[in-house]
Amino acid sequence: RKQPEYIHPICEKILSETNGVMVYQEQVMRILNELGGIELASAYTAIKAISKKKEETINKSREQFVKGCGEKGLSKTQAEDFWNLIIKFAGYGFNKSHSTAYALIAYMTAYLKAHYPVEFMAALLSGDIHGRNFVKKDSLVEHLEDAKRMGIEVLPPSVNSSHSDFAVVEGKIAFGLSAIKGCGGAAAEAIVSARKKGGPFKDLFDYCERVDQLGANKTSLETLIKSGSMDCFGAKRSQLYASIERAIQSGASVAADRKAGQKNLFGGFDDAAPSPAVGLPEIPEWPDKEKAQGEKEVLGFYLSTHPLAEHRRVLETYRSHTTAEIPGVPERGEVILGGMIGAIKLANTKDPKPGKPSRYANFDFEDTEGIIRCICWPEQYAESGHLITADTILMIRGSIDRRGGEEANLVVNELIPLDQLDARYTSGIVIRISETEHPSDVLQSVREVLRAYPGSGELQFCFYLENGSRVFLKAHATKVSITRELRDRLDDLLGPGNLQLITTPPRPAHGSRPHRPPYQKAGVR
């Protein structure tokens, strides 16, 4: 920093602690006090006013300072020089006591993370339990991702192994029960206490009979089942969820008997563990998508599977970037992302033009790599705003905007539903027929199906012969309309995995695709 031409002895004394440079707010306060004649309390007020740009207080302090410096033998120019340095310093100056504390904490945390990484991450995760945000990605989820990058395994939540907070178990981190939505510290402690007292829970009914009301009410049971914390019972989540009411009643009955002093006639046989499915309805498990949504609701992230997993091949085929690659895209560069819409916020522009739409949307867009904030301005929102609904999976063509800071936003240029991708970017289809897997008359059956779907799409065949060779043929005279119905009928006829789409993925209007191995021309459906 530029130093004043004249250094007053008072300043030399104050700044001698830091080699003649202003470092701490306390130094400035002492200069204002000892050189400018401003009381320490007023000097503190002046520092705060400068940092918050309160002009009236700043000007008042300036006048006092210049006057005090004059009484100490400084000229007005010298006093102004000192004051300008103080104004500049206040923008980045720091409290000395805070600096020391932060430096000590930084050293301690760096040491612990380097030498005790598993214990450190468990403590870090536990510290982020309170005040969790289950709608948007919160700091706890970010720390879980950090743990994964560090090679630390975080075990899924379980009422038979998890503790109230995150804990280290055999070199791994056991998920903390109190980090689950609807399962606060008191409920988690009740679960752990009952388990320590009576051993692992055998099933849902045993759980409700042994855990008190804090951890065995309807809300707690629903959230524990959705989170997968009761998967250890060996039953389907759908079965457990459908049995909540009966399990609560069973627990209440046992609690009433216990209170009345009654004992089970066959109490000596309690150790015999029943089959996990005893007393549970025979119903199918929830679909993977429903399970994933339940996990996201109560954990804040997807545990068993990601909703985008089933669309992975389609998204990889048609996207140009992932959210992880956005930092390398220049300002206003265009990208094509594939993912799922998350939290949505609608608003209106302040000064809409007459006759023009004013409604626009801000929303989170998530792929398997992360989340980016998107802005769909009025003109685009009026055209395709109906597609902006929570959990909708689609492709977005948009431009990078960093005007709000270093973090990039995506300005939406186009929204493309997945069911339109094939029609827009598929130019043909390859049909695989195996001499050993398919009957001899299958080609005639394929021909009959294809006749019902005339169009402009290219048709190719790949014949797998009995001797192990392959023959590729292109049908020059026959063109087809590659619809979902056609593909479903061919799947039914030939079996899954015997179709390939010849695709031409869209490219961004500006910029280039990130360097990655070239995608196949024919993407497997």
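The values are calculated or read from the model by the stated rules, or taken from the named source; none is laboratory data. The structure presented is a predicted model; accordingly, all values stated were derived computationally and were not measured. Reconstructed Cβ throughout: ideal geometry from the backbone, glycine too, with neighbour counts over all protein chains shown. Note: accessible area is taken over every heavy atom of the protein model, side chains too, but ligands, DNA and RNA are not part of it. Shrake-Rupley method; radii C 1.70, N 1.55, O 1.52, S 1.80 Å.
Values as computed for the structure displayed
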item: Cross-chain or 6+ apart pairs with Cβ under 6 Å, segment 210-230 first and more than 18 Å from Gly198 (Cβ to Cβ), then open to solvent by 50 Å² or more (accessible area, probe 1.4 Å) and in a helix (DSSP H, G or I); result: Ile225/Tyr241
item: Matching residues in segment 367-391 - criterion: being in contact with a Pro (Cβ under 8 Å, 6 or more places away or on another chain) and not aliphatic (A, V, I, L, M); result: Pro378, Glu379, Tyr381, Asp391
item: Only listed residue being in contact with a Ser or Thr (Cβ under 9 Å, 6 or more places away or on another chain), at negative phi and not in a helix (DSSP H, G or I), chosen from Glu414, Glu407; result: Glu414
item: Residue satisfying all of: in segment 351-384; open to solvent by 20 Å² or more (accessible area, probe 1.4 Å) and in contact with a Cys (Cβ under 8 Å, 6 or more places away or on another chain); nearest to Pro307 (Cα to Cα) among these; result: Asn362
item: Failed criterion for Thr322 (all others in (1) closer than 30 Å to Gly182 by Cβ; (2) touching a residue at least 24 places away in the same chain (Cβ under 8 Å); (3) β-branched (Val, Ile, Thr) hold); result: (1)
item: Residues being over 20 Å from the mean Cα position of the chain (by Cα) and either assigned to a loop (DSSP other than H, G, I, E, B) or modelled with pLDDT of 85 or more (or both) - total across segment 315-327; result: 2
item: From Ala343, Ala390, Ala347, residue being hydrophobic (A, V, I, L, M, F, W, C), in contact (Cβ under 8 Å) with a residue 40 or more places away in the chain, in a strand (DSSP E or B) and open to solvent by 10 Å² or more (accessible area, probe 1.4 Å); result: Ala343
item: Those residues of segment 37-90 which are within 19 Å of Tyr24 (Cα to Cα), open to solvent by 20 Å² or more (accessible area, probe 1.4 Å) and touching a residue at least 40 places away in the same chain (Cβ under 8 Å), in sequence order; result: Ser51, Asp81, Leu85, Lys88
item: Conditions (1) aromatic (Phe, Trp, Tyr); (2) free of Cβ contacts under 8 Å to residues at least 40 places away in the same chain; (3) touching a strand residue (DSSP E or B) at 6+ places or on another chain (Cβ under 6 Å); number of the one not met by Tyr116; result: (3)
item: Per-region count, segment 129-152, residues touching a Ser or Thr at 6+ places or on another chain (Cβ under 9 Å) and open to solvent by less than 60 Å² (accessible area, probe 1.4 Å); result: 2
item: Filter result for Ile429 (buried (at least 18 other Cβ atoms within 10 Å of the Cβ) and part of a strand (DSSP E or B)); result: yes
item: Verdict on Lys113 being in a helix (DSSP H, G or I), within 17 Å of Val23 (Cβ to Cβ), open to solvent by 90 Å² or more (accessible area, probe 1.4 Å) and out of contact with any Cys (no Cβ under 9 Å at 6 or more places or on another chain); result: no
item: Subset tally (residues that are in a loop (DSSP other than H, G, I, E, B) and surrounded by 12 or more Cβ atoms within 10 Å (Cβ to Cβ)) for segment 436-451; result: 2
